[in-house]
Structures are given as C-alpha cells and as structure tokens.
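Notes to accompany the following structure.
The values are calculated or read from the model by the stated rules, or taken from the named source; none is laboratory data. Computed from a predicted model, the values in this text were never measured in an experiment. No Cβ is skipped: glycine too gets one built from the backbone with ideal geometry, and neighbour counts run over all protein chains shown.
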Amino acid sequence: MPPSRPSRPATTLRSVFARQLARVRADPTAEAVTDVGTPRGWLVERGVCDLLEPFVTHLPRDDGDLARYAGLTGDVAAVLLDRLPAVELDDRQNDAPTLGCLLEAAAAHPAEVELHGYLVGPARTDERLTAEGLLVADAPRVDVLPDHGPGCECAQLWAHVQERLGVDDAVRMPDEIRPARLRSRPEERAWSLWWD
C-alpha cells in the first residue's frame, strides 16, 4: 500500500487574505492604511473573513481579484454592524445604498432580506466589504417587466423596499430587479435588487 499524502489545508477566505496581508507587511514600501484610512488587513484582524466564510461563492484567483458572497443573513449583519469601522459602513457600490443601510435592513428583517456583494482583500489599498444588492422576500405581488416598459410596477416594489425595510439612502433605483430565491428560503419567491 503506497504511503498516504498529507492532506492540504482547505483554502478559505481567511487563508487567502492572510497571505495577502503577510505580503503587504513584508513590503517596506506598502501603504499601512487603506484609501479611506483604515489599517490594512482589517478584514482579517476584525474577523470579517470568518463571518463571511459560509456565504463565499468565489475566492480570489490573484491579488487583483475579488471574493464574492451571497445569502448574507440578519444575524451576521448585526455582528458586522458592531464590528466594522464607521468609515467602512459608508461604503457603497456606485449608486447603491450604503453598506451600513443594507446591513441594518438585513439585521432588522432577518427572515426577509439577504445581501450579496464582494470583498477586496488587503493586497489592494481599496480593501473593503461591499454590498451590491439584496434579495427581498415577503414583497408585494407586482409585475416587473424586463424592459421596465408600460405596466411595469418596479417603482412600487422599490417604494416597498425603501419604506418597509428602511433601504432609503440609495442614490437611485436599482439597475436590475428580477425574480430570485433566497438561500435561506429557496421554496419562496423573492426579488433581487442589484446596482451595477
């Protein structure tokens, strides 16, 4: 019987970002803080990687690549609200609501809201956690047309999300609204709202 090979540790979000951080710290010319003034490596050191691990859908292939997540739920959103620096809660994906606003909606409505987005690791000076959209259950029955032409009720759905869920600091309506399924409640209809 051939000798067994030692098993390789699983690649996790923490292991990927910890390697990036080690390279940054080994480089004497590297900036010590992010573009918004947070110490580099905050995603690792504040345990954000560990909290997001169950929701990761894509790990970065290189230092320039993003990690992606989906299905972030209210219990984790509540912890993130306490753990993230205030300047990071102000992050927004272009004209989307701020990360803080979306985390608050998920924390306040855990059975109705899930978030999705991406993380930029400490290899880059724009290290961050970003929410680029949300999935909403228990929304009113509306007709949303792909081209948003006459008869489309997307504005009614958007008003519901703003008023009922408190997602009220977006610069404009989502770029895309489409039917979806929550990871936590796949049997029920939901809506995906996404900002480019």
>> For the stretch 22-36, which positions are in contact (Cβ under 8 Å) with a residue 12 or more places away in the chain, in a loop (DSSP other than H, G, I, E, B) and surrounded by 13 or more Cβ atoms within 10 Å (Cβ to Cβ)?
In response: Thr34, Val36
> With respect to Ala170, is the statement that it is touching a residue at least 40 places away in the same chain (Cβ under 8 Å) and out of contact with any Leu (no Cβ under 8 Å at 6 or more places or on another chain) true?
Replying inline: yes
>> If I filter the stretch 174-186 down to residues being free of Cβ contacts under 8 Å to residues at least 60 places away in the same chain and within 15 Å of Glu112 (Cβ to Cβ), which single residue comes out as surrounded by the most Cβ atoms within 10 Å (Cβ to Cβ)?
In response: Ala180
>> So, in the stretch 18-43, how many residues would count as being more than 20 Å from the chain's Cα centre (by Cα) and of a type in the set (Val, Ile, Thr)?
In response: 3
> Looking at the stretch 56-70, is at least one residue assigned to a helix (DSSP H, G or I) and buried (at least 19 other Cβ atoms within 10 Å of the Cβ)?
Replying inline: no
> What are the residues in the stretch 102-141 that are without any contact (Cβ under 8 Å) to a residue 40 or more places away in the chain and in contact with a helix residue (DSSP H, G or I) (Cβ under 6 Å, 6 or more places away or on another chain), if any?
Replying inline: Leu103, Ala106, Ala107, Pro110, Pro140
>> Can you find, within the stretch 37-51, the residue that is farthest from Glu104 (Cα to Cα) among those that are among the aliphatic types (A, V, I, L, M) and surrounded by 21 or more Cβ atoms within 10 Å (Cβ to Cβ)?
In response: Val44
> Any idea which of (1) more than 21 Å from Thr98 (Cα to Cα); (2) at pLDDT 95 or above is the one Asp143 doesn't satisfy?
Replying inline: (2)
> Can we say Arg61 is closer than 18 Å to Glu127 by Cβ and touching a residue at least 12 places away in the same chain (Cβ under 8 Å)?
Replying inline: no
> Which of the residues that make up the stretch 71-95 are assigned to a loop (DSSP other than H, G, I, E, B) and either more than 13 Å from the chain's Cα centre (by Cα) or closer than 20 Å to Thr125 by Cα (or both)?
Replying inline: Leu84, Pro85, Asp90, Asp91, Gln93, Asn94, Asp95
> Would you say Asp75 is surrounded by fewer than 17 Cβ atoms within 10 Å (Cβ to Cβ) and in contact with a helix residue (DSSP H, G or I) (Cβ under 7 Å, 6 or more places away or on another chain)?
Replying inline: no
>> Suppose we filter Val113, Val144, Val171 for residues that are within 19 Å of the chain's Cα centre (by Cα), surrounded by fewer than 21 Cβ atoms within 10 Å (Cβ to Cβ) and at negative phi; which single one remains?
In response: Val171
>> Taking the condition of being out of contact with any helix residue (DSSP H, G or I) (no Cβ under 9 Å at 6 or more places or on another chain), buried (at least 16 other Cβ atoms within 10 Å of the Cβ) and of a type in the set (A, V, I, L, M), how many residues in the stretch 147-168 meet it?
In response: 1
